[in-house]
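In what follows, a single structure is set out as C-alpha cells and then discussed.
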Amino acid sequence: MKKPNIAKWLDGFPLAGKGILLAFHEKRFVISFIIAFLFFGTLMNLLSGGFSKFQLMGVLGFPANMQIIGDAFLGVFGYKQPFLDWLFVFLIAILQGILIGLVVLLWKKKQSEKSSNSANVEKAGIVAGLIALGAGCPTCGTTLLTPLLGTLFSTSGFAVTGVVSQLVTWLAIIVAVLSLRRIGEETYVIIINEKYLAKKEAREKSA
C-alpha cells in the first residue's frame, strides 16, 4: 500500500537529519558550516540596532571598531545578550550554517549538475535575505525594517516593526528548515551511494 504524499514528504525529514549527520563527517562541510555560522551570527548581532553600529564604526577608530566586532562575535555565544535575542540569533545562524555547508558539499559532489546546484544556492540566498531583513532585537522590535515601517506607521511603527520582525524571523526559520529537508535528503542519498560504490569497487578489486 502506497503512503499518502504527505507521509512521503514527512519521511524526508528523518532522511535529511541522517544526511546532515553524515555531512558532519565531511571536512569540507564542517569548515563551511563553521565559517557561515560565525559570519551570520556576528552579522546579525551587528545589525541588532539597524545600521547604528555600522554608523558608529564609521566614526570611531580601529581599536573601537574591533571591540564592536568582537562583542558581536562573542554575542553569538550569548555574551551580553538577552536570552530570547541570543536564542533567535543562535538558531538561525546554526540553520544557515548547515544550509550553506550542505550547498558547498553538494556543489563539489555534483559539479556536473549545475541546475540543481543553482537551485540550492538560491534557497540559501533566500534564507540569507530573510535573515538580514529580520535581523535585530525581537524583544525590542529593532530591525532593518524599522526606518521603513516607522515612516509608514508613524504613530505605532515601533509595535508594528516588532511584530513584522518576529514574522520575518520565523519565516526565515521555516524556509531554512524546509530547504534543509530537501538538501539534507539529497545529501543522504549521495553520501550513501558513494559509500556503496566504494564498497563495490573494493570487492571487485579484491575478487
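Taking the residues in the stretch 4-49 that are open to solvent by less than 90 Å² (accessible area, probe 1.4 Å) and among the polar types (S, T, N, Q) as candidates, determine which candidate is nearest to Arg182 (Cα to Cα).
The selected residue is Ser32.
Among the residues in the stretch 67-88, are any open to solvent by 40 Å² or more (accessible area, probe 1.4 Å), part of a helix (DSSP H, G or I), modelled with pLDDT of 55 or more and β-branched (Val, Ile, Thr)? Break it down into steps so the answer makes sense when it comes.
Start the filter on the stretch 67-88 by keeping residues that are open to solvent by 40 Å² or more (accessible area, probe 1.4 Å), which leaves 67, 69, 71, 73-74, 77, 79-84, 86-87.
In the following step, the residues that additionally are part of a helix (DSSP H, G or I) were identified as 67, 69, 71, 73-74, 83-84, 86-87.
Filter once more, so that each one left must be modelled with pLDDT of 55 or more: 67, 69, 71, 73-74, 83-84, 86-87.
Among the residues that remain, those that are also β-branched (Val, Ile, Thr) are: 69.
Scanning the stretch 67-88 turns up at least one residue that is open to solvent by 40 Å² or more (accessible area, probe 1.4 Å), part of a helix (DSSP H, G or I), modelled with pLDDT of 55 or more and β-branched (Val, Ile, Thr).
Which ones in the stretch 89-119 are at pLDDT below 85, part of a helix (DSSP H, G or I), closer than 14 Å to Ile190 by Cα and open to solvent by 40 Å² or more (accessible area, probe 1.4 Å)?
Trp107, Lys108, Lys109
The values are calculated or read from the model by the stated rules, or taken from the named source; none is laboratory data. The model shown is predicted, which means the values in this text are computed figures rather than measured ones. Calculation scope for accessible area: heavy atoms of the full protein, side chains included, ligands and nucleic acids excluded. Shrake-Rupley method; radii C 1.70, N 1.55, O 1.52, S 1.80 Å.
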